[in-house]
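Asks: Quick one: the structure is below, questions incoming.
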Amino acid sequence: MDAGVAAILGAAIGAVGGVGGGLLTLSTQLRSLDAQHRAEEKRWLADVRRETYTSFIACAKQLSNAVWKASDLLHGEAGVEDWERARSNVHDAWTQLSAASAAVTMAGPHTVAAAAEDLREALRQWELLTGTWIRAAIQQGTGQLAEHDQRFMAGFEAKKPLEVAFQVAARRALGTDT
């Protein structure tokens, strides 16, 4: 083989090796970028879920607070104006909870959305019981209505395990259940 052919052949082999090495480097960099993108997406989703779940819990606590304040007014010496204001506050808190619940449904996953829906429904029933109690108090001129108070407490007891179930599902989804 003459020196010219050997030089061309050597240059060709070197070029193929260089291109192959470049492709290997590019492939490695693309896999690394893809892994980084997946990790950032996972972190973003966890942040969205954490914020959404926290908002839902805060709204549930606000509704509970409004319902308990209404109960206190019904047990006390309050009158129609106070009861109507309490009913409005309970309804407003319910509206906020309902919106927060929809956000949890969108953020997922399904297990957390289902737990949120169960808690939302229990809180809805408690809110409705409170409204019924307030309307009865307005009609009868007193909030000292034992039957309504008993239903109210049953609603309170019904929601307690569902709060725990939501928190357990949320921790699992966020990977903080250890």
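The values are calculated or read from the model by the stated rules, or taken from the named source; none is laboratory data. Just so we're clear, the structure is a prediction, and the values are computed from it rather than from any experiment. Note that each Cβ is placed from the backbone with ideal geometry, even for glycine, and that neighbours are counted across all protein chains shown. Side chains are part of the model used for accessible areas, which takes the heavy atoms of the whole protein and leaves out ligands, DNA and RNA. Shrake-Rupley method; radii C 1.70, N 1.55, O 1.52, S 1.80 Å.
Asks: As I understand it, the value is the acute angle between the Cα axis of helix 3-75 and the longest principal axis of the Cα atoms of the chain; what does it come to in degrees, rounded to 10?
Replies: For 3-75 against the chain, the angle is about 0 degrees.
Asks: Enter the angle in degrees (range 0 to 90, nearest 10) between the Cα long axis of helix 110-140 and the first principal axis of the Cα atoms of the chain, meaning the one along which they spread out most.
Replies: Long axis of 110-140 versus the principal axis of the chain: about 20 degrees.
Asks: Name the shape class, rounded, prolate or oblate, that the alpha-carbon gyration tensor gives for region 19-178, where a ≥ b ≥ c are the square roots of its eigenvalues, rounded holds for a/c under 1.5, and otherwise prolate holds if a/b is larger than b/c and oblate otherwise.
Replies: Prolate is the answer for region 19-178, as a/c is 1.5 or above and a/b outweighs b/c.
Asks: Another question about this same structure. Run the accessible area of the chain with a 1.4 Å probe and give the carbon-and-sulfur part as a rounded percent.
Replies: Taking all protein chains in place, the chain shows 59 percent carbon and sulfur surface.
Asks: Still on this structure, I have one more. Assign unit charges at the C-beta atoms only (+1 for Lys and Arg, -1 for Asp and Glu), then state the dipole size of the chain relative to its Cα centre in Debye, rounded to the nearest 20.
Replies: 320 debye
Asks: Going from most exposed to least, what order do 126, 44 have by accessible area with a 1.4 Å probe?
Replies: Result of the area sort, largest leading: 44, 126.
Asks: Mind checking the angle between helix 80-107 and the chain's longest principal axis? C-alpha axes, 0 to 90 degrees, to the nearest 10.
Replies: On a 0 to 90 degree scale, this one is about 20.
Asks: Still on this model: Using a probe radius of 1.4 Å on heavy atoms only, what accessible surface per residue do you get for the chain? Whole Å² is fine.
Replies: 61 Å²
Asks: Could I ask something else about it? For residue 162, what charge total do you get from the other residues with a beta carbon under 13 Å from its beta carbon, if Lys and Arg give +1 and Asp and Glu give -1?
Replies: Surrounding charge for residue 162 is -1.
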